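J.: Take a look at the following structure, please.
The values are calculated or read from the model by the stated rules, or taken from the named source; none is laboratory data. Note that the structure is predicted; figures quoted are calculated from it, not measured. Every residue, glycine among them, receives a Cβ derived from its backbone with ideal geometry; neighbour counts consider all protein chains shown.
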2 protein chains.
Amino acid sequence: MTPVDRIGFELLARDGRARLGVLRTGHGEVQTPAFMPVGTRGAVKTQGSEDLERLGAEIVLANTYHLYLRPGVELVGDQGGLHRFMAWKSVLLTDSGGYQVMSLAELNRVDADGVTFQSHLDGSAHRFTPESTTAVQARLGADLLMCLDHCLPAGADGDAHAAAVRRTSAWARRCRAVYGAEFRTYDYPQALFGIVQGGTSEELRRRSALDLLALDFPGYAVGGLAVGEPKAATLATVELMDALLAEDRPRYLMGVGYPEDLVRAVGRGMDLFDCVLPTRNARNGMAFTRRGRRVIRNAGFARDPEPLDPECACWVCGRYSRAYIRHLHQSGEILGLRLVTYHNLNFYLELMRSMRAAIAARRFAAWEARFFECYDAAAA
Amino acid sequence: MTPVDRIGFELLARDGRARLGVLRTGHGEVQTPAFMPVGTRGAVKTQGSEDLERLGAEIVLANTYHLYLRPGVELVGDQGGLHRFMAWKSVLLTDSGGYQVMSLAELNRVDADGVTFQSHLDGSAHRFTPESTTAVQARLGADLLMCLDHCLPAGADGDAHAAAVRRTSAWARRCRAVYGAEFRTYDYPQALFGIVQGGTSEELRRRSALDLLALDFPGYAVGGLAVGEPKAATLATVELMDALLAEDRPRYLMGVGYPEDLVRAVGRGMDLFDCVLPTRNARNGMAFTRRGRRVIRNAGFARDPEPLDPECACWVCGRYSRAYIRHLHQSGEILGLRLVTYHNLNFYLELMRSMRAAIAARRFAAWEARFFECYDAAAA
């Protein structure tokens, strides 16, 4: 790959509000819109880096909270960083760990300076500050890092959201102050993204976005959505973000979502996505297909000789039947989890490829109509 | 592959007592001595048929007891047989189910006509007879089938062994009477193997072998060993079997074993082996290496950048460090189980390839001495 001096984003085309772009990094290019498989603990569950290459994944997300607790950031750093540790040659994005602290850790307590929490593994006490999580992510060797933000659960009130926005802005400034927004702690460039908060309040989202834009980050994430709010509110907020955020920087919609959510968000100007759905639901026996979701454990598939998705070209669909994969799931065979996971990731990555092609051809609206004609989002 | 009219075995070379051979079937050749990965429920745990191809496995074993209970033999038959069901193009051997009935099923009761048992899954009542397990295996579509035998636990007394030998001989006759020793229920040849019992008694082993040889089976299995008896007794019995069994038929030593056991049994004229050790122990974090066993969970590997086995050419060793694989195991990541399983199977299959090359070059004794010089069977 061509060495890059700095991480850069190029907007190649707009079709309606949908964007086609390319993110250039020291670990290769990411064609956007892109879906990032989630490698929580330095592994996308059941899949190796070789599988991810075969899937054509260009970027993977890893969770700072989990890696910080185990095996520990110093160990990963001493092994040459997370790329080398997990044998992943392409792009890595890490989150700040803030979301997991709020959702997984016990007895977490947020104050102006950071957040104190107990490990969900052993109850040990820890503290994340804007400075420490930035340093941790840098040491992990992520290409793209996230500022520590204050993410609230759905249902938090307006005052709480206003305070979280102020805190998130203050923390973003402190994260940026550690190394700047672009830096190197390894022999390749690393870039820090700001995260917009504000729930579904237009006023707070606007304030959060303006605060972060003033800090001139090389990319922006939209946090605090898909946490239980109505879908219409999610989409309205995404549209607002599209209108407010810098045109020449990538926009990452965190934690979204189902295929239909990705399609709607791409149509509203978002570029990067991550979600555990294709991997977690695979382990519960749910397969994504071009016609909608299928619960492969259902008795109706017991003698079904068709592949998971007859319209899919992945190797799993080329080789195995629903009947066999159902048998594996019924029998508790790990191979069953692995096969559906691979297929689901292929479905998501293929969905993104298909959307990119539609945007490039300036046919996204027709593509979207066709997608919803085939894909039954209600069926499972 | 060349179509074959019938399953045939050709003995290509003897070096000392070690044998080099080839088994020709409707699903390709098996170079012997060969190790058969165990695909208990129609899947080698964590591995797909594509992985088995990459490993160069030529034959896989599946357990009749498990497949009979779930998903059921009619379902597998209706899907075109086990080869098609599990997408495995090469050779399949099934056991009779008798061993699992004795070891897994509850309330099993053996009588002259067969064995009655309760499913370990749901307690439902079932019965296996020589006729029924032969028909079940035929319907599964195995290339190589096993006669129902009466296998005793270690420590059974001489009278019990004598009765088990008589019963095993009577059952072998009845198994053979169903379709003959060679037949077709699919469009390829299927062959039935007899199983020699008799514990570690020379007299009983001799009687059992003579009974079965009189039935002229296309292959012979040695059952009832590696069930807890002293290793010297195992080896003495293997040597006796080598002396008694037909030179021109393959000999399958059931359920053996550790790498050192395979080496010693190959040196005593055995051709086929199966064992859950490389797969089961992998899931407990034990890796086989050219220097001996390694428990990858051990803290000493936490920062070890070396591959599982620095002398191994498998893709897992080409890509991942002990530190990473240990992290996966410590974190309960399925990928960790999968990577060690692949490596261990590669170790076993490579061990067999290496022994075959040594026999072909008439250098087996030197090869064996060198193996034990490097491989520390005591270390773990």
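J.: Here's a check for you: in region A:4-28, which residue that is of a type in the set (K, R) and in a loop (DSSP other than H, G, I, E, B) is farthest from the other protein chains (Cβ to nearest Cβ)?
T.: This residue is A:R17.
J.: For residues that are hydroxyl-bearing (S, T, Y) and under 29 Å from B:V44 (Cα atoms), scanning just region A:341-380, find the one that is surrounded by the fewest Cβ atoms within 10 Å (Cβ to Cβ).
T.: Looking at residues that are hydroxyl-bearing (S, T, Y) and under 29 Å from B:V44 (Cα atoms), I get A:Y348.
A quick yes/no check of all residues on (1) in a helix (DSSP H, G or I); (2) at pLDDT 95 or above; (3) more than 30 Å from A:G77 (Cβ to Cβ):
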residue	(1), (2), (3)
A:A156	no, no, yes
A:H161	yes, yes, yes
A:R174	yes, yes, no
A:A209	yes, yes, yes
A:A226	no, no, yes
A:A236	yes, yes, yes
A:A243	yes, yes, yes
A:E247	no, yes, yes
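J.: Quick one: is A:A177 farther than 18 Å from A:T40 by Cβ and surrounded by 17 or more Cβ atoms within 10 Å (Cβ to Cβ)?
T.: Working: farther than 18 Å from A:T40 by Cβ: yes; surrounded by 17 or more Cβ atoms within 10 Å (Cβ to Cβ): no.
So A:A177 does not fit the description; no.
J.: Select, from A:T200, A:T237, the only residue that is of a type in the set (S, T, Y), out of contact with any Asp or Glu (no Cβ under 7 Å at 6 or more places or on another chain) and not assigned by TED's automatic domain parsing to the domain that holds A:M352. Break it down stepwise before answering.
T.: Values: A:T200 fails: out of contact with any Asp or Glu (no Cβ under 7 Å at 6 or more places or on another chain).
Going through A:T200, A:T237 in turn, just one is of a type in the set (S, T, Y), out of contact with any Asp or Glu (no Cβ under 7 Å at 6 or more places or on another chain) and not assigned by TED's automatic domain parsing to the domain that holds A:M352: A:T237.
J.: Given the structure, is B:L308 more than 19 Å from B:F273 (Cα to Cα), in a helix (DSSP H, G or I), modelled with pLDDT of 95 or more and not assigned by TED's automatic domain parsing to the domain that holds B:Q31?
T.: Details: more than 19 Å from B:F273 (Cα to Cα): yes; in a helix (DSSP H, G or I): no; modelled with pLDDT of 95 or more: yes; not assigned by TED's automatic domain parsing to the domain that holds B:Q31: yes.
No: the conditions fail for B:L308.
J.: Additional query: Condition test on A:L345, is it touching a residue at least 24 places away in the same chain (Cβ under 8 Å) and either more than 8 Å from chain B (Cβ to nearest Cβ) or assigned to a loop (DSSP other than H, G, I, E, B) (or both)?
T.: In short, yes.
J.: For region A:29-145, which helices (runs of 4 or more DSSP H) that fit wholly inside it have 2 or more residues that are out of contact with any Pro (no Cβ under 7 Å at 6 or more places or on another chain) and within 14 Å of chain B (Cβ to nearest Cβ)?
T.: Counting at least 2 such residues, we get A:49-55, A:64-69, A:73-78, A:82-85.
J.: Among A:A380, A:A357, which is in a helix (DSSP H, G or I) and either modelled with pLDDT of 95 or more or of a type in the set (A, V, I, L, M) (or both)?
T.: A:A357
J.: Would a scan of region A:348-359 turn up a residue that is out of contact with any helix residue (DSSP H, G or I) (no Cβ under 6 Å at 6 or more places or on another chain), more than 14 Å from chain B (Cβ to nearest Cβ) and polar (S, T, N, Q)?
T.: yes
J.: Among (1) under 27 Å from B:D211 (Cβ atoms); (2) buried (at least 22 other Cβ atoms within 10 Å of the Cβ); (3) of a type outside the set (D, E), there is one condition B:A236 misses while meeting the rest; what is its number?
T.: That leaves (2) as the condition not met.
J.: From A:D261, A:D248, which residue is among the acidic types (D, E) and under 18 Å from the mean Cα position of the chain (by Cα)?
T.: None of the other options fit; the residue is A:D261.
J.: If you don't mind, there's one more thing I want to ask. Specify which of the listed residues (A:R338, A:R297) is crowded, with 19+ Cβ neighbours inside 10 Å, basic (K, R), within 30 Å of A:G42 (Cβ to Cβ) and not assigned by TED's automatic domain parsing to the domain that holds A:P33.
T.: Answer to the selection: A:R338.
J.: Quick one: in region B:325-335, which of the residues that are at the interface with chain A (Cβ under 7 Å from one of its Cβ atoms) and surrounded by fewer than 24 Cβ atoms within 10 Å (Cβ to Cβ) is nearest to B:G285 (Cα to Cα)? Talk me through it step by step, then tell me what you get.
T.: As a first pass, look at region B:325-335 and keep what is at the interface with chain A (Cβ under 7 Å from one of its Cβ atoms): B:327-328, B:330-331, B:333-335.
When the remaining residues are screened for being surrounded by fewer than 24 Cβ atoms within 10 Å (Cβ to Cβ), the result is B:330-331, B:333-334.
Numbers: B:Q330: 9, B:S331: 12, B:E333: 12, B:I334: 11 Å.
For region B:325-335, the residue satisfying everything is B:Q330.
J.: Pick out the one residue from B:R84, B:R127 that is under 22 Å from the mean Cα position of the chain (by Cα), at pLDDT 95 or above and surrounded by fewer than 20 Cβ atoms within 10 Å (Cβ to Cβ).
T.: Numbers: B:R127 fails: under 22 Å from the mean Cα position of the chain (by Cα).
Residue meeting the stated conditions: B:R84.
J.: Here are B:R303, B:R363, B:R319, B:R297: which of them is away from chain A (no Cβ under 14 Å) and modelled with pLDDT of 95 or more?
T.: B:R363
J.: Same structure again: Being crowded, with 23+ Cβ neighbours inside 10 Å, touching a His at 6+ places or on another chain (Cβ under 7 Å) and in a loop (DSSP other than H, G, I, E, B): is that true of A:G199 here?
T.: yes
J.: Taking the options A:L69, A:L11, name whichever one is modelled with pLDDT of 95 or more and either touching a helix residue (DSSP H, G or I) at 6+ places or on another chain (Cβ under 6 Å) or under 19 Å from A:F217 (Cα atoms) (or both).
T.: Exactly one residue qualifies, and that residue is A:L11.
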